[in-house]
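First the structure, in the form of structure tokens, and then the observations on it.
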Number of protein chains: 2
Amino acid sequence: MITYPSKLVERAVEQLSSLPGIGRKSALRLALHLLSRSGSEVHLFADALTEMCDHIIYCRRCHNISDTELCSICSNPARDTSLLCVVQHVGDVMAIENTAQYRGLYHVLGGVISPIDGIGPDDLTIEALVERVREGEVKEVILALGTTMEGDTTNFFIHRSLSGLGVKLSIISRGVAIGDEIEYADEVTLGRSILGRTDFEQSIRL
Amino acid sequence: MITYPSKLVERAVEQLSSLPGIGRKSALRLALHLLSRSGSEVHLFADALTEMCDHIIYCRRCHNISDTELCSICSNPARDTSLLCVVQHVGDVMAIENTAQYRGLYHVLGGVISPIDGIGPDDLTIEALVERVREGEVKEVILALGTTMEGDTTNFFIHRSLSGLGVKLSIISRGVAIGDEIEYADEVTLGRSILGRTDFEQSIRL
């Protein structure tokens, strides 16, 4: 139990250590670092965080975070509106954008179906996804959810919700990560990658 | 180069990644985490940081951070006022307090003499330390600065400044850390710990 020389520092440490991945020792280090900065710098720091949370908007089409009602991806005329990639979180959109391999649109679910956490289909944006597909412009929906049981459950639910709408449903490939040694790959992934093997000539064209 | 879906998020990530030990990826994770919290929670978070920096006081005796003009250690009548431990930073006071092995007072220098960084004796609280010793109550000054060249330089400067004041000057012991294997100790430390060996019977009494 650390005793703090000041209640102010203690409160700051408490708040900082509430962040994911930051323990009380790191939080103390961060608090003492902030103390060494000028007051105006710290206000700039704090304002950036509160302003983000106060003024952030969620795109009314894809539910990605945005500064405008329609996000920069949805309002970009160069994007392929026939492709729709379904992801769990906002961070997933950024991760896929950084690959520079995808030019379609996104749909952020806001999570996955998880009865244990009390999250059902109605807590996600699945209904809005079905609506977007019904509009007719989307030709292919790509599932890019986490490879967990909850992700799989959600994939099946979306599969059922979109059936009969005449849209192609695909899923991102799963297998041994690029750069990994075969002997160190986990057995479930390795087994899946053998069952889900692809044509060699097709693979070298990627 | 990550592209952010929102300028607000980008600014928050920039600020968060300015903290020591937090890269842009961790900063993004923290920003998205804060976005998932309620607005009032984030304001509480930000206020804890700004209030700490706006209202913190430095103890007028030991220069430790404090909520009051005289810190809780200096104003504690149970502390031994004949012992004075000299440390570099506020964090060092907390580290020594956590050992529960020391009941004397502290003196926070605010750094060490470092000509490269433009820090001379006048930028530290050495003058105030000499004043405290001159008052006559202190019988022993314990040096607990970092074991760097700058720390050693500062130790010698303090030694010179306090000479003739009739105060005992000691330094914390340096050697192989407790729990460490001898073969993995660095050679400088191991060499010092052999030269600075202590009487066995004395050591088992600790």
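The values are calculated or read from the model by the stated rules, or taken from the named source; none is laboratory data. Note that the structure is predicted; figures quoted are calculated from it, not measured. Ideal geometry is used to build each Cβ from the backbone, glycine not excepted, and the neighbour counts take in all protein chains shown.
Criterion first (among the aromatic types (F, W, Y) and either farther than 22 Å from B:G151 by Cα or not assigned by TED's automatic domain parsing to the domain that holds B:N155 (or both)) does B:Y58 satisfy it? I'd like the intermediate steps shown before the answer.
Details: among the aromatic types (F, W, Y): yes; either farther than 22 Å from B:G151 by Cα or not assigned by TED's automatic domain parsing to the domain that holds B:N155 (or both): yes.
Against the criterion (among the aromatic types (F, W, Y) and either farther than 22 Å from B:G151 by Cα or not assigned by TED's automatic domain parsing to the domain that holds B:N155 (or both)), B:Y58 qualifies.
Among the residues of the stretch B:192-206, are any under 20 Å from the mean Cα position of the chain (by Cα) and free of Cβ contacts under 8 Å to residues at least 60 places away in the same chain? No: the stretch B:192-206 contains no residue that is under 20 Å from the mean Cα position of the chain (by Cα) and free of Cβ contacts under 8 Å to residues at least 60 places away in the same chain. Checked against (1) among the charged types (D, E, K, R); (2) part of a helix (DSSP H, G or I); (3) more than 27 Å from the chain's Cα centre (by Cα); (4) closer than 17 Å to A:L19 by Cα, B:R37 passes all but condition (2). Reported count of residues in the stretch A:102-130, each being without any contact (Cβ under 8 Å) to a residue 60 or more places away in the chain and part of a loop (DSSP other than H, G, I, E, B), is 10. Scanning the stretch B:46-75 for residues that are within 7 Å of chain A (Cβ to nearest Cβ), out of contact with any Asp or Glu (no Cβ under 9 Å at 6 or more places or on another chain) and assigned to a loop (DSSP other than H, G, I, E, B) yields B:N64, B:D67, B:C71, B:S72.
Just to be sure before I move on: is B:A78 away from chain A (no Cβ under 12 Å) and either under 26 Å from B:M149 (Cα atoms) or not acidic (D, E) (or both) in the structure I sent?
Values: away from chain A (no Cβ under 12 Å): yes; either under 26 Å from B:M149 (Cα atoms) or not acidic (D, E) (or both): yes.
It is true that B:A78 is away from chain A (no Cβ under 12 Å) and either under 26 Å from B:M149 (Cα atoms) or not acidic (D, E) (or both).
Among the conditions (1) surrounded by fewer than 21 Cβ atoms within 10 Å (Cβ to Cβ); (2) at the interface with chain A (Cβ under 7 Å from one of its Cβ atoms); (3) within 16 Å of A:E51 (Cβ to Cβ), the only one that B:V9 does not satisfy is (1). For A:R60, the conditions (1) crowded, with 19+ Cβ neighbours inside 10 Å; (2) over 25 Å from B:L16 (Cβ atoms); (3) not hydroxyl-bearing (S, T, Y) all hold with the exception of (1). Give the residue that is surrounded by the fewest Cβ atoms within 10 Å (Cβ to Cβ), with candidates limited to residues of the stretch B:118-133 that are under 17 Å from B:Q88 (Cβ atoms) and of a type in the set (D, E). Only one residue fits best here, namely B:D122. Among the helices (runs of 4 or more DSSP H) confined to the stretch B:135-206, the ones with at least 3 residues that are β-branched (V, I, T) are located at B:149-162, B:187-195.
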